[in-house]
1. What is the sum of charges, Lys and Arg at +1 and Asp and Glu at -1, for the other residues whose Cβ falls under 14 Å from the Cβ of Ser78?
2. When averaged across all projection directions, what area in nm² does the alpha-carbon convex hull of the stretch 59-125 cover?
3. Excluding residues on the same chain fewer than 8 positions from Lys70, give the aspartates and glutamates whose Cα lies under 19 Å from its Cα.
4. What's the exposure ranking of Ile6, Ile87, going from fewest to most Cβ atoms within 10 Å?
Amino acid sequence: MSKYRITVEGKTYEMDVELIGANGAVAAPVAKAAAPVAAAPKAAPAPVAAKPAAVGSGSVAAPMPGTILKVLKATGDSVKAGEVVLILEAMKMENEITAPVDGTIESLSLTEGSTVAGGDLLFDVK
């Protein structure tokens, strides 16, 4: 008989497991739950990664991989903070990518249908 420790929904149990014979007969129950064992200390939850929207004060990176669905502004256009510059489609959802600051779009070389990876530079606002 082998002894195992398993954790189910935060509760830890010790289990005795018996190997089944060649003919499939089991002399005792396959698994017998023992009294719960004191649960191991819980690890701190993993930190949530910050959304990588702004690279610099006016630089905007792709928050996730996806496809550029619509480009609403062009290089040289003036924008206000929060104004939508382009639409990024990711996981069948349309995500509005906005200007982080007031200014003029200094670089925007993406076209509709372009694919981007998470963290790729989308545009700069100065």
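1. Summing Lys and Arg as +1 and Asp and Glu as -1 gives -2.
2. For the stretch 59-125, averaging the hull's shadow over all directions gives 3.6 nm².
3. Within the straight-line cut-off, Lys70 pairs with Glu83, Glu89, Glu94, Glu96, Glu106, Glu112, Asp120, Asp124.
4. Ile6, Ile87
Every number here is computed from the coordinates shown, using simple stated rules; none is lab data. Because the structure is predicted, anything quoted here is derived from the model rather than measured. Note that each Cβ is placed from the backbone with ideal geometry, even for glycine, and that neighbours are counted across all protein chains shown.
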